[in-house]
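J.: Before anything else, here's the structure in question.
The values are calculated or read from the model by the stated rules, or taken from the named source; none is laboratory data. This one's a predicted model, so the numbers in the text were calculated from it and none came from an experiment. Backbone-built Cβ (ideal geometry, glycine too); neighbour counts: all protein chains shown. To get the accessible areas, we keep the full protein, side chains included, count just its heavy atoms, and leave off ligands, DNA and RNA. Shrake-Rupley method; radii C 1.70, N 1.55, O 1.52, S 1.80 Å.
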Amino acid sequence: MENINFKHSIIFFNFCILISPFYLMLNFEPVILCLSLILILGISHGALDNIKGKKLLKLFGYKQNVSFYLGYVLISSLIIIFWLIFPNTILLLFLIVAAYHFGKEDTVFSFRKKFFISECLFFLKGSTVIMAPLLLKREETNEIFRILNFNVFEAEFFSNEFLIGMLCLGFLSSMYISKKENTNLKSVMIMDFFSLIILNLFLSPILAFTLYFCFLHSIRHSISLIFELDRSFKPGLKKFITKAIPLTFVTAAIFIFAIYFLNSFYLLDEAIYKVIFIGLASLTFPHRLLECVLDNDGKRTCHLFSIINRMLCWC
């Protein structure tokens, strides 16, 4: 896996360098392309949650799989409802959880420190996904957030100096996490960081996020699932595709229906933005919660969610 992750990061880094000049020649925003990639590649990396759900049900002594599906759908539905009522709070919470999730899942080796230290390092590492577009394409990024009824990042607190500081902390966190690892793993962390910088320097925020989410984060996670299903790549890939298609198809159909419905009230691009980010948020929370419970580090991760929840309550 180490060799695969190293080669994957090299390919993605070079891909980021090569695609940037081509995008500068485009005269349109490829929102529909971004949606298509997310529906095909992005969502599929969580499409095996039903298999993990069976393991979860066994832990709690449940035999009927319908309990998992009902719980998953309930959490997703609650996120959407709460987003409509408290958009600033839910999106801020989503960004915090997403930053931690990206930082932890894109770390391709085991890293453990005392509670709160490793969680902070993972959060800082993953926050690059959010801070890079805010610094390098601030107005375009805030325009997307306005469509989502989110205005927190327009506050003076989020100055360029603050964003630069967060990016530096993100890079330093990556270096600290990998300080005891070999050269290949250190290189993975460095290439991943600068891939994000290159993408957000030249591409639009939505395209930069889509390419990162689909071709780095999702594919990396999918590769790990493939080898969980089978020790050989080709048989594992076939099993992964077969098992991922049903939930990917159902989720994609729901996304497309939601866009069709929202297009009656908003412009098509605005409807797509809302469905992409609200949809991803509704999937990220149960996906991360499932990972947290099944993870060997589950108690600490769940405790992190408890701390975030208390912070929001105090606010």
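J.: Is it fair to say LEU91 is closer than 17 Å to PHE285 by Cα and either under 20 Å from the mean Cα position of the chain (by Cα) or open to solvent by 50 Å² or more (accessible area, probe 1.4 Å) (or both)? Steps first, answer last, please.
T.: Numbers: closer than 17 Å to PHE285 by Cα: yes; either under 20 Å from the mean Cα position of the chain (by Cα) or open to solvent by 50 Å² or more (accessible area, probe 1.4 Å) (or both): yes.
Against the criterion (closer than 17 Å to PHE285 by Cα and either under 20 Å from the mean Cα position of the chain (by Cα) or open to solvent by 50 Å² or more (accessible area, probe 1.4 Å) (or both)), LEU91 qualifies.
J.: How many of the residues making up region 5-38 are among the β-branched types (Val, Ile, Thr) and open to solvent by less than 70 Å² (accessible area, probe 1.4 Å)?
T.: The initial filter retains those residues of region 5-38 that are among the β-branched types (Val, Ile, Thr), namely 10-11, 17, 19, 31-32, 38.
From what is left, the residues that are open to solvent by less than 70 Å² (accessible area, probe 1.4 Å) are 10, 19, 31, 38.
Final tally of qualifying residues: 4.
J.: Here is a further query. Considering only residues of region 153-178 that are open to solvent by less than 50 Å² (accessible area, probe 1.4 Å) and under 20 Å from the mean Cα position of the chain (by Cα), which is modelled with the lowest pLDDT?
T.: My answer is PHE153.
J.: Look at region 230-258 and say how many of its residues are more than 21 Å from the chain's Cα centre (by Cα), surrounded by 14 or more Cβ atoms within 10 Å (Cβ to Cβ) and either under 18 Å from HIS8 (Cβ atoms) or polar (S, T, N, Q) (or both).
T.: 2
J.: For VAL108, all conditions in the list (1) part of a helix (DSSP H, G or I); (2) of a type in the set (A, V, I, L, M); (3) surrounded by 15 or more Cβ atoms within 10 Å (Cβ to Cβ) hold save one; what is the number of the exception?
T.: Here VAL108 meets the rest and fails (1).
J.: Further, regarding this structure: For region 42-83, how many residues are among the charged types (D, E, K, R), at pLDDT 70 or above and more than 10 Å from LEU290 (Cβ to Cβ)?
T.: From region 42-83, those among the charged types (D, E, K, R) are 49, 52, 54-55, 58, 63; that's our starting set.
After this cut, where a residue has to be at pLDDT 70 or above as well, the list is 49, 52, 54-55, 58.
So of that shortlist, the ones also more than 10 Å from LEU290 (Cβ to Cβ) come out as 54, 58.
Of the residues in region 42-83, 2 are among the charged types (D, E, K, R), at pLDDT 70 or above and more than 10 Å from LEU290 (Cβ to Cβ).
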